[in-house]
Structure formats: C-alpha cells, structure tokens
Amino acid sequence: MSDRAENTRTEWLTTLAKFKDDPDQAANSAMWSPRLDGASRDELTAIQNEKLAVVTPFLYENSLFYRQRFDRLGLAPTDISSVEDLVKWPVVDKSEMTLDGESHPPFGHYTTMSDEIWRSRGWMLFSTSGTTGTPRIFRYSQIDRDYWAWANARAMHAMDFVASDTVFMMTGYGTHVWAWGVQMGLAKMGIGLIPGGGMDGAMRAGIVARFQPTVLCCTPSYALYLGRVMQDMGLDPAATSVRLLFCGGEPAMAIGPTRKKLEDLWGARLVEFYGCTEAAPQAGGYACAATGQDKDGYFLHLMEDIQIWETVDPENLQPTAPGQRGLSVCTNLVSESSPQLRFLVGDFTTLNQDACACGRNHVRAMGCFAGRADDLINLRGVKFFPTQIEKAVRAIPGLGDEFQMILSSRKADGMDVMKVVVEHPEHGPGSKLVEQVGDAIRAEIELRVDIEVVAPDSLPKTEFKAKRVTDQRAKH
Ligand SMILES: [Zn+2]
C-alpha cells in the first residue's frame, strides 16, 4: 500500500473516531449521544463538512472505482470537501455498482480495502436481496460493524428500546444487513435477545407465549402472519407481552391501514428503520418518540452526523427544491470499506429540516418511504406504487389479509389491464365488494381496474416478504 493510501486511511479513521461519542452506553434516557443526536443544523453541517474533506482523498487513494470516476469527471478529491460541493458529483446508481461488480468479480473495484487488509482483519459478507436484479455483494470490515452497532444502538434508543426489553428476532439470518445490524446494536445496548431463525409459526407463537418478549423483529408481513397463527391457536396477540413491532424489509409505517391493522392486532407500536446494503446497515432512518403524535404525521429521522441525505428529481437526477418530493440519495460518512458518495438509494420521500418535537434536528423523511422507484408500476401511462393498492384494499373492513395484483395484456385489443384479487366471504362476480374495492382503488390511483373477489383463504399466505404483483404484460 502506498504512503498516501495509508495516510488518507489513517486520517479518515481518526476523523470517524473523533465523532464516536458515547461509544458503549447511552449518556441519558432521551439521547444516546446528546452532542450528536441533539446537534443543531449548523453543527450537523460542520460535522458533515469535516468528514467529507477527509473521505474524498481516502476514496481517491484507496478505491480504483472512485479514482477512475474522479479522473473521468475531471475532479480532484479536494473539489468535494463540503456539502455544497456534492452536487458536482453525479449520483451513482445501482447499474453503475452492478457493472463494477460484474467487471471485477466477485467484489468489484469500488471497495477501499486491499486484499492485504481484508486478509489481516475480520470481515463479513452481505448482499442485496436481488429483487430488482442480480444480488450485489458487499464485505464489511470489523471497524464498520463496530460503527453499525453504535449507530443502531443510538437509533433503537430513540425508538424506545430499553435495557429491560427482550427482543425476539424472527429473521432468517442470511446475508441481509438489517438483522445482523440490529443484533449487533442490541448486544451493545445490553438487551435480551432470542434468535428465532429456523422455526415455524407455531413454534414462534409458543416462544412468544412462554418467554414473553416485549419486542418482535420481523417483516410486517410476518408480524401479520404470526398474529393470525396465534389467533388460530386460540391466543390473543394483543394480550401478549409484545409492546413494540420493529419491522423491516417492506414499508409499513407509511401505509396507514397496514400500520393500524398490525398495531391493533398486537396492541403494540410499530417502528421502523430505513437504510440500504450499499451504505451499510446502520439505521440511516429511524422512528423517534414523536412520530405519528401530531400534525406532522408519520416520519423517520435520518442520522445526519453519519450520513448526508438528499432527494433528487427522478427524471434529471438533479437536487429537488426544499420541500419537494424526490428520490433518496445517500452519502455515507461512517464506513471504512463501503463509503458512498451520492448513492441513489431510490425511494420517494420529502425531506424536512424543521426541528422535531423529540429534540432532534436531524432531517426527517416525511411520510417515511412508501415506494422505491424500481417498484413503480406504469399502467397505460398512469404511474402508481403497489403500496397505494395496499392502502386502498387494507382500508376496507372484512377483507382477508392477502391480495394479489395481476397485470396483463388483454387478448382482444392488446390493452394493458390490471386485476386485483381480494378475499371476502361474499365472493363471486356478483359480490358487492367488486364495486367497493374498485371505487377505493380508483380514489387512490385514479384508474379503474378489474376486481375479483374470492373465498377467504384462497390466496397463498405470505410469511416473510409479500409478492403481490404478477406482471404478464407482453411488452415488459
Ligand atoms: Zn424526532
């Protein structure tokens, strides 16, 4: 390794360490790291600028992907040394990262770690889910994982996790970042943990009844599934010890009827993280005590001393004006092996820099994140998210938990159409639900779609992650 590569790495890690306040335990009950969690907007910008000025030389000297991109753009690392400079660097999208991985398998050139460093330190492999393409592979160093544990502890502290909690993690423990990041954070917080991989619903229901966890970690689909399993066993989920549903993997907080269904079923509060594999699994976004409590509705904070969040216009990828909806972009300032400069995460939201009732000034994603640009459905020019259909369907009392959306091209005229299949005891073509569901969906997406009402328990039951959209269109 060259001296410059080594020196810039040392400077980067020294700067990160300078801002790791309260590394091992919470300073008080309100905030884990009060200087950072309670920082003013100016203080947050100053921290971001100090970190940015050090990270760009580190990237240039240690990552071929970044060096080549800087050179191609005619930029020197010193050209991007403050938040204001970031706009000079065009956003990096998933296709660019995929190309890097495929051109230099298996790990790509983007990482800042040499083989020598990887071999001499601990690391762990993670991957994206691959729902929108080939899974992309990432290795994270032990230093990174220490930062995740700390950042996640800060976020879970804000979400009201306390030392006396017992957390039941119902995840597969695969290469997904969320579960491992949460687990590391919980260990740092000294919170009791029950690993719940490799069990069926009845076994997990038995654990809830027997060991009385106060927090469930799972996908929202699984929280619904397990609640129904318990009801079938004659147990009432709302009467259990569970007080928090910590959900990930699918949006839930942002979809009012889904959130209400889960919170009513379990008699518990729903909380979420937001993040992505590329910019490390620490909570970029997290719920605080004030979310859902007043006129601001539901939102997530974004931890700005460790990441810089922006939104960009989906068409031209230029920054959106303050208060305008756009796609999320993350610059990650807390990673040794995977720093990201303006990575296009790609979820729609609206950022708000106003102070929050919880005492934090970290920017908020208003309405949370209810749709990734990749999930957007275009039906005859009308664009909508599957979550909008979910919102409409789940607001109608009496429908089953499951529903399906089938997109196809009509044989007669080739026109693209969508059918939504729902479950109700009054099923069949003459069901009054046909019109009711159709009206609710039209009110949400301004499009009339076909509705089919089938008998309860006809549709396949979702356990972990819902797959509700089937696209059979000819030109897709
Ligand atoms: Zn807050």
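Key figures for this structure:
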{"read-out": "Check on Asp413, out of contact with any Ser or Thr (no Cβ under 6 Å at 6 or more places or on another chain), among the acidic types (Asp, Glu) and at pLDDT below 90", "value": "yes"}
{"read-out": "Filter result for Met31 (surrounded by 19 or more Cβ atoms within 10 Å (Cβ to Cβ) and not in a helix (DSSP H, G or I))", "value": "yes"}
{"read-out": "Gly185 being surrounded by 15 or more Cβ atoms within 10 Å (Cβ to Cβ), assigned to a helix (DSSP H, G or I) and modelled with pLDDT of 95 or more", "value": "yes"}
{"read-out": "Cross-chain or 6+ apart pairs with Cβ under 9 Å, region 135-159 first and touching a residue at least 12 places away in the same chain (Cβ under 8 Å), then within 16 Å of the ligand (Cβ to nearest atom) and assigned to a helix (DSSP H, G or I)", "value": "Arg154/Leu36; Arg154/Asp37; His157/Asp37; Ala158/Asp37"}
{"read-out": "Strands (runs of 3 or more DSSP E) (entirely within region 362-431) containing at least 3 residues that are under 30 Å from Gly326 (Cβ atoms) and within 16 Å of the ligand (Cβ to nearest atom)", "value": "364-366"}
{"read-out": "From Gln436, Gln388, Gln404, residue being in contact with a Lys or Arg (Cβ under 7 Å, 6 or more places away or on another chain), surrounded by 13 or more Cβ atoms within 10 Å (Cβ to Cβ) and within 28 Å of Leu265 (Cα to Cα)", "value": "Gln404"}
{"read-out": "Some residue of region 197-218 being closer than 24 Å to Thr462 by Cβ, touching a residue at least 60 places away in the same chain (Cβ under 8 Å) and β-branched (Val, Ile, Thr)", "value": "no"}
{"read-out": "Residue selected from region 337-355 under the condition closer than 30 Å to Ser29 by Cβ and either touching a residue at least 12 places away in the same chain (Cβ under 8 Å) or acidic (Asp, Glu) (or both), by the criterion surrounded by the fewest Cβ atoms within 10 Å (Cβ to Cβ)", "value": "Asp354"}
{"read-out": "Filtered residues of region 257-288 (kept if crowded, with 24+ Cβ neighbours inside 10 Å, of a type in the set (Gly, Ala, Ser) and at pLDDT 90 or above)", "value": "Gly285, Ala287"}
{"read-out": "Any hit, region 202-213, residues being surrounded by fewer than 22 Cβ atoms within 10 Å (Cβ to Cβ), in a loop (DSSP other than H, G, I, E, B) and at pLDDT 90 or above", "value": "yes"}
{"read-out": "Top-ranked residue in region 214-247 [being assigned to a helix (DSSP H, G or I) and charged (D, E, K, R); ranked as farthest from Met169 (Cα to Cα)]", "value": "Asp232"}
{"read-out": "Answer from Asn378, Asn361, Asn332 - the residue that is under 30 Å from Gly284 (Cα atoms) and at pLDDT 95 or above", "value": "Asn361"}
{"read-out": "Flag for Val92 being touching a residue at least 40 places away in the same chain (Cβ under 8 Å) and surrounded by fewer than 19 Cβ atoms within 10 Å (Cβ to Cβ)", "value": "no"}
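Residue by residue, here is whether (1) touching a Phe, Trp or Tyr at 6+ places or on another chain (Cβ under 8 Å); (2) hydrophobic (A, V, I, L, M, F, W, C); (3) under 26 Å from Val417 (Cβ atoms); (4) free of Cβ contacts under 8 Å to residues at least 40 places away in the same chain holds:
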residue	(1), (2), (3), (4)
Ala357	no, yes, no, no
Lys383	no, no, yes, yes
Pro386	no, no, yes, no
Ala392	no, yes, yes, no
Pro397	no, no, no, yes
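Quick grid of which residues meet (1) free of Cβ contacts under 8 Å to residues at least 12 places away in the same chain; (2) surrounded by fewer than 24 Cβ atoms within 10 Å (Cβ to Cβ); (3) not assigned by TED's automatic domain parsing to the domain that holds Val334:
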site	(1), (2), (3)
Gln231	yes, yes, no
Gly234	yes, yes, no
Thr240	no, yes, no
Pro251	no, no, no
Ala290	no, yes, no
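The values are calculated or read from the model by the stated rules, or taken from the named source; none is laboratory data. Note that this is a predicted model, so its numbers are computed, not measured. Here the Cβ is made from the backbone with ideal geometry for all residues, glycine too, and neighbour counts use every protein chain on show.
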